[in-house]
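Worksheet for the structure shown next.
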Amino acid sequence: MDAISLPRRRSARVLVVDDNRENAILTRELLHTDGYEVQIAGDAARAEAIIRENPPDVILLDVVMPGKSGIDLCRELKNNPETRLIPVVMITGLTDRDDKIRAIEAGADDFLNKPIFPEEMFARVKSLLKLKEFTDELESAEDVLCTLGLSVESRDPYTAGHCERLADYAADLGEHLGLHADELIALRRGGYLHDIGKITVPDEVLKKGSNLTPAEWQVMRQHPVTGENICRPLKSLREVLPIIRHHHEHWDGSGYPDGLRGEEIPLLARILQVVDVYDALRTVRPYKRALSHEDSERVMTNESEAGLWDPQLVRAFFKRLQRGKAA
Ligand SMILES: [Fe+2]
């Protein structure tokens, strides 16, 4: 027995999608003998239900199926942030070169030719599971950092729920602006991670709010760079780093840490900034009352005219909120 054990210490789970039931059962038996937990689906719809309910660690997917083809299913899985990290092995005929090219374009991770040779299948499944194990570990590392972000938030009782709201607002505004799925993921993570550098800011400074002494300001102003340093080792957070570093820049160049101005400030950072300011205005803090939606819009419009925020983004944000309310 050569069972692969993942970090969760359970048997690896394989989903076999094939409309030929005999083939599917044979593949299941083979994989069972190698210690895997196997589910089978006769078409794309059944496969999607299984994936939703209990995501597998690897999928063996027949190209030709009635209804939605294996290639279409593969493309959908790879376009969906929830499922794109699940390795997909496409099963094709030996001579179907066009199928292979289409499968590569759809994002397939590997191929198996029919008839399937057990040793070849075991080798491919095993190597893809190894890869999955690494991506799972990376995901857990990201989860740890996001939890750390939340723990920073929890040090200040007045900012409860702030990270989550920012993640929602920022991804929503990004979607409204037509951004790519990867950028939306970065915005969501940015909601949780942008202030992670405050972990090194002492409580008495963090909770003081306004009226910081120059020395305290200096400590506070370091949090974007500290946060960037904390998250830099994780390659998967590459797109989040500019959000963390630049979320306190100002449109007119008066912000920190780099004094960037206008569109020099990365777009994702400007988006997070707009939703961050809005949420801060709308919530009560020890040193200020909560503003109404209308007053927040007035304040932010004035501040963007005064050079603090990207005026176009502020307009787009309130337009989006207005549309959301009307819907
Ligand atoms: Fe901040």
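The values are calculated or read from the model by the stated rules, or taken from the named source; none is laboratory data. Please read all numbers here as calculations on a predicted model, not as lab measurements. Note that we place each Cβ from the backbone using ideal geometry, even for glycine, and neighbour counts take in every protein chain shown. Accessible surface areas use protein heavy atoms only, side chains included; no ligands, DNA or RNA. Shrake-Rupley method; radii C 1.70, N 1.55, O 1.52, S 1.80 Å.
Summarising the overall dimensions of the chain from its C-alpha atoms, the Rg and Dmax are 24.6, 75 angstrom. Add +1 for every Lys or Arg and -1 for every Asp or Glu among the other residues with Cβ under 9 Å from the Cβ of residue 255, and state the total. Cβ neighbours under 9 Å give a net charge of -2. Using the Cα centre of the chain as origin and beta-carbon charges of +1 (Lys, Arg) and -1 (Asp, Glu), tell me which of 184, 67, 312 is placed farthest towards the positive end of the dipole. Of the listed residues, the answer is 312.
For residue 96, no residue 5 or more places off, or on another chain, has a built amide H under 5 Å of its own.
Overall, segment 150-256 carries a charge dipole of about 340 debye about its Cα centre when +1 sits on the Cβ of Lys and Arg and -1 on the Cβ of Asp and Glu, all other atoms neutral.
Counting only DSSP beta bridges with both residues in segment 25-148, the antiparallel share comes to about 0 percent.
Pair-distance distribution of segment 47-86: all C-alpha pairs, bin width 10 Å, starting at 0; shares per bin in whole percent are 29, 61, 10.
Probe radius 1.4 Å, ligands and nucleic acids ignored: give me the carbon and sulfur share of the accessible area of segment 124-239 as a rounded percent. About 55 percent, which is the carbon plus sulfur part of the accessible surface. Extents of segment 148-192, taken as max minus min of Cα coordinates on every principal axis and listed largest first, are 34, 16, 7 Å. The phi torsions of segment 264-275, fed into the Karplus equation with coefficients 6.51, -1.76 and 1.60 and a -60° offset, translate into couplings of 5, 6, x, 3, 5, 5, 5, 5, 4, 4, 4, 6 Hz, rounded to whole numbers, with Gly and Pro shown as x.
Taken about its Cα centre, segment 187-327 carries a charge dipole of about 560 debye when Lys and Arg each add +1 at the Cβ and Asp and Glu each add -1 at the Cβ. With the charge dipole of the chain set up from +1 on Lys and Arg Cβ and -1 on Asp and Glu Cβ about the Cα centre, the Cα lying farthest toward the positive end among the listed residues 173, 33, 58 is that of 173. The calculated FRET efficiency for residue 322 paired with residue 290, based on their beta-carbon distance and R0 = 25 Å, is about 0.80. A 1.4 Å probe run over the chain, with the rest of the protein chains in place, finds 51 Å² accessible per residue.
Farthest towards the positive end of the charge dipole of the chain, among the residues 275, 93, 12, is the Cα of 275, using unit charges on the Cβ of Lys, Arg, Asp and Glu.
What angle, in degrees between 0 and 90 and rounded to the nearest 10, separates the Cα long axis of helix 293-305 from the longest principal axis of the Cα atoms of the chain? That works out to roughly 80 degrees. Each Lys or Arg adds one and each Asp or Glu subtracts one; over the other residues with Cβ under 12 Å from the Cβ of residue 91, this totals -4.
Please give the net charge around residue 238, taking every other residue with its beta carbon less than 13 angstrom from that of residue 238, where Lys and Arg add +1 and Asp and Glu add -1. Around residue 238, the surrounding residues sum to -1.
Over the residues of the chain, the helix contribution to mean residue ellipticity at 222 nm works out to -17000 deg cm²/dmol, using -39500 (n - 2.57) for each DSSP H run of at least 4.
Dipole size of the chain about its Cα centre, with +1 on Lys/Arg Cβ and -1 on Asp/Glu Cβ: approximately 660 debye, rounded to the nearest 20. Counted over the chain, the DSSP beta bridges are approximately 10% antiparallel. Dividing the radius of gyration of the alpha carbons in segment 175-327 by their Kirkwood radius gives 0.96 for Rg/Rh.
Rounded to the nearest 10 degrees, the angle from helix 181-193 to the longest Cα principal axis of the chain is 50 degrees. Cross-link pairs exceeding 22 Å between alpha carbons, from the set 68/114; 78/132; 288/319: 288/319.
With only alpha-carbon pairs counted, each pair once and no self-pairs, how large is the Kirkwood hydrodynamic radius of segment 69-184 in angstroms? One decimal place: 17.3 Å for the Kirkwood radius. Can you tell me the relative contact order of segment 179-312? Whole percent, Cα pairs under 8 Å, sequence separation 6 or more. RCO, segment 179-312: 20 percent. Under the simplified labelling scheme, the residue 68-residue 181 pair shows an inter-label distance of 1.2 nm, with each label point 7 Å from Cα along Cα→Cβ. Rounded to the nearest 0.05, the FRET efficiency derived from the C-beta distance between residue 282 and residue 49 at R0 = 51 Å is 0.80.
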